[in-house]
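Novice: Following this message is one structure expressed as structure tokens.
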Amino acid sequence: MFEQAFKNIDNILHTDSGSATELDYVEQTSWILFLKYLDDLEETKKTEFALAGKSYEYILAPEYRWNAWACPKGADNKLEHSKALDGDDLKEFVNVNLFPYLKKFKAEDPNTIEYKIGEIFSELKNKISSGYKLREILNIVDDMHFRLYEEKHELSHLYESKIKNMGNAGRNGGEYYTPRPLIKTIVRVVAPKIGETIYDGACGSAGFLVEAFNYLTQNQTKLSSSQMAILQNKTFYGKEIKSLAYIIGIMNMILHGIEAPHIKHINTLAENINDIQEKDRYDIVLANPPFGAGIGREIQQNFPIKTGETAFLFLQHFIKILKAGGRAGIVIKNTFLSNTDNASVSLRKLLLETCSLYAVLDLPGGTFQGAGVKTIVLFFEKGKPTKKIWYYQLNLDRNLGKGNPLNENDLAEFVELQKINADSKNSWSVKIEGINQVTFDLSVKNPTKTDEELLREPKEILEEMGKLDKENGKLLIDIKKLI
């Protein structure tokens with residue numbers, strides 16, 4: 001229905017000097033789609049109000065509605081070219097009038113459309129340098145609609161494809177995309193239920209929240225109006241620090257059927273976790289927090305375990321913000337299991353003592369395209385200590401990459417075996433008594449891979465490096481004597 005339309009928009013943006021990358025394409029498409037969505041929403045509400053014998057009060061002033069500036073229509077519902085702005089006139093209206101007007105929207109409730117309008121357009125600017133190309137895009141988007149289920153479904157699918165392309169476009173784009181087969185698998189294992197609150201404190205393009213919504217709606221024969229109201233208003237919550245990811249996350253949820261997403265544009269780690277109260281907690285946490293060192297001391301002061309590693313601070317936040325009995329599925333780099341620094345050891349101890357770490361999924365290299373680290377997924381339940389950990393090592397007969405991405409079939413065995421914590425050539429269990437009670441080392445050591453050399457401890461590697469350095473030093477001295 002709309003696939004060719006998206007391709008045409010990308011082709012236009014590709015020829016415009018203001019948009020250089022897939023990130024720009026998604027960003028510029030997003031603000032235009034959002035305004036078209038808003039227009040359709042307002043027209044739908046106007047009809048609903050009329051049927052109820054009420055009058056609807058528009059959010060936007062008349063001159064800023066889609067049919068006034070973007071695509072004014074005549075009596076035949078076709079574009080009136082004489083009234084449609086074009087070229088420099090259109091560009092000037094968008095930059096000088098429209099964006100400043102939309103930026104001014106404020107609301108006390110951050111979960112309203114009004115609040116989202118102000119937030120989105122405070123962070124965005126129109127990068128489309130040609131008013132003529134903008135006119136072409138507006139005409140294409142005007143033919144898209146957000147009213148029928150089939151229309152929303154295809155638009156959401158195509159938008160996901162754009163996010164995936166953005167993730168493949170380069171190092172920065174990868175921050176916004178977690179492979180959907182992995183997200184679906186994590187959601188399936190954690191198994192949320194309607195009525196439970198679901199949270200992602202580093203939500204990016206909202207992939208986890210979207211897939212959780214899909215899981216809850218697809219696994220029900222028929223949802224009641226009260227259940228739909230719960231899903232719309234009291235289920236999905238997220239936080240995101242980066243402007244573009246925040247905007248894309250909102251658009252992604254809107255296109256999947258959540259009208260006013262509960263996503264806040266804030267730095268999650270700036271919140272002192274000691275200030276988290278019971279009312280702030282959630283039933284489920286699903287997340288792939290960013291990896292990397294360099295977090296300043298002022299942020300580290302918000303956490304009992306001080307570390308410059310971003311993901312380790314997020315893990316503390318997630319543990320704290322879970323309700324007692326709450327469940328989590330968290331992607332984190334595999335070095336978390338074995339690092340010997342004080343922060344890593346303390347964090348593993350905290351996790352094992354306050355939560356039941358019931359499963360660890362060990363992922364192969366290449367799962368995340370462009371990422372230079374191996375990752376694992378931690379599945380845990382808060383409120384009782386760990387007694388036994390079930391490990392699953394995903395061993396594939398191919399190398400993962402852009403041409404061979406991870407798929408759901410790759411993870412099918414994991415999903416089935418996890419239900420009963422079954423042992424296999426790829427899975428095994430470790431009792432907590434068998435773990436070193438000083439280092440709390442949780443390294444993935446598959447007992448069935450006896451023919452493979454187990455990874456050595458970092459201390460052992462450093463000692464060998466030191467010996468080799470000494471030997472090399474002696475060789476250099478001998479060589480100098482010969483010269």
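The values are calculated or read from the model by the stated rules, or taken from the named source; none is laboratory data. Please read these numbers as outputs of a predicted model, since none were measured by experiment. So basically every Cβ, Gly included, is an ideal-geometry build from the backbone, and we count neighbours across all protein chains shown.
Novice: I'm trying to understand the selection: among the residues of the stretch 146-158, which are assigned to a loop (DSSP other than H, G, I, E, B), surrounded by fewer than 17 Cβ atoms within 10 Å (Cβ to Cβ) and either more than 27 Å from the chain's Cα centre (by Cα) or of a type outside the set (K, R) (or both)?
Specialist: Taking the stretch 146-158 and keeping what is assigned to a loop (DSSP other than H, G, I, E, B), we get 146-148.
Filter once more, keeping what is surrounded by fewer than 17 Cβ atoms within 10 Å (Cβ to Cβ): 147-148.
If the condition is that a residue be assigned to a loop (DSSP other than H, G, I, E, B), surrounded by fewer than 17 Cβ atoms within 10 Å (Cβ to Cβ) and either more than 27 Å from the chain's Cα centre (by Cα) or of a type outside the set (K, R) (or both), then L148 is the only one that fits.
Novice: Here's another thing I want to ask about it. So which residues in the stretch 358-384 are part of a strand (DSSP E or B) and hydroxyl-bearing (S, T, Y), if there are any at all?
Specialist: Selection gives Y358, T375.
Rundown of residues vs (1) polar (S, T, N, Q); (2) part of a strand (DSSP E or B), yes/no style:
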{"site": "T386", "(1), (2)": "yes, no"}
{"site": "D397", "(1), (2)": "no, no"}
{"site": "D410", "(1), (2)": "no, no"}
{"site": "F414", "(1), (2)": "no, no"}
{"site": "K419", "(1), (2)": "no, no"}
{"site": "K425", "(1), (2)": "no, no"}
{"site": "S429", "(1), (2)": "yes, yes"}
{"site": "E433", "(1), (2)": "no, no"}
{"site": "F440", "(1), (2)": "no, no"}
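Novice: Just to be sure, is I230 buried (at least 18 other Cβ atoms within 10 Å of the Cβ), of a type in the set (A, V, I, L, M, F, W, C) and touching a residue at least 24 places away in the same chain (Cβ under 8 Å)?
Specialist: No: the conditions fail for I230.
Novice: Mind listing whichever residues of the stretch 329-369 are of a type in the set (G, A, S) and over 23 Å from the mean Cα position of the chain (by Cα)?
Specialist: S338, A343, S344, S346, S356
Novice: Do you know which residues across the stretch 307-328 are assigned to a loop (DSSP other than H, G, I, E, B) and either crowded, with 16+ Cβ neighbours inside 10 Å or over 24 Å from the mean Cα position of the chain (by Cα) (or both)?
Specialist: Correct list: T307, E309.
Novice: Collect the residues in the stretch 275-300 that are free of Cβ contacts under 8 Å to residues at least 24 places away in the same chain and either on the phi > 0 side of the Ramachandran plot or not basic (K, R) (or both), keeping them in residue-number order. Steps first, answer last, please.
Specialist: The initial filter retains those residues of the stretch 275-300 that are free of Cβ contacts under 8 Å to residues at least 24 places away in the same chain, namely 275, 277, 279, 292-294, 296-298, 300.
Answer for the stretch 275-300, where residues must be free of Cβ contacts under 8 Å to residues at least 24 places away in the same chain and either on the phi > 0 side of the Ramachandran plot or not basic (K, R) (or both): D275, Q277, G292, A293, G294, G296, E298, Q300.
Novice: Same structure, new question: Working only within the stretch 4-27, note down all residues that are touching a helix residue (DSSP H, G or I) at 6+ places or on another chain (Cβ under 6 Å) and in a helix (DSSP H, G or I). So that I can check it myself, show each step before the final result.
Specialist: From the stretch 4-27, those touching a helix residue (DSSP H, G or I) at 6+ places or on another chain (Cβ under 6 Å) are 5-6, 8-10, 12-13, 16, 19, 22-23, 25-27; that's our starting set.
If the condition is that a residue be touching a helix residue (DSSP H, G or I) at 6+ places or on another chain (Cβ under 6 Å) and in a helix (DSSP H, G or I), then A5, F6, N8, I9, D10, I12, L13, E22, L23, Y25, V26, E27 are the ones that fit.
Novice: (1) of a type in the set (F, W, Y); (2) in contact with a helix residue (DSSP H, G or I) (Cβ under 9 Å, 6 or more places away or on another chain); (3) within 26 Å of Q393 (Cβ to Cβ): which one isn't true of F318, the others all being true?
Specialist: The single condition F318 does not satisfy is (2).
Novice: Can you tell me which residues in the stretch 367-397 are modelled with pLDDT of 95 or more, over 23 Å from E278 (Cα atoms) and loosely packed, with under 14 Cβ neighbours inside 10 Å?
Specialist: K387
Novice: Would you check which residues across the stretch 100-145 are more than 29 Å from H14 (Cβ to Cβ) and either surrounded by 16 or more Cβ atoms within 10 Å (Cβ to Cβ) or not hydroxyl-bearing (S, T, Y) (or both) and list them?
Specialist: K104, F105, K106, A107, E108, D109, P110, N111, I113, E114, Y115, G118
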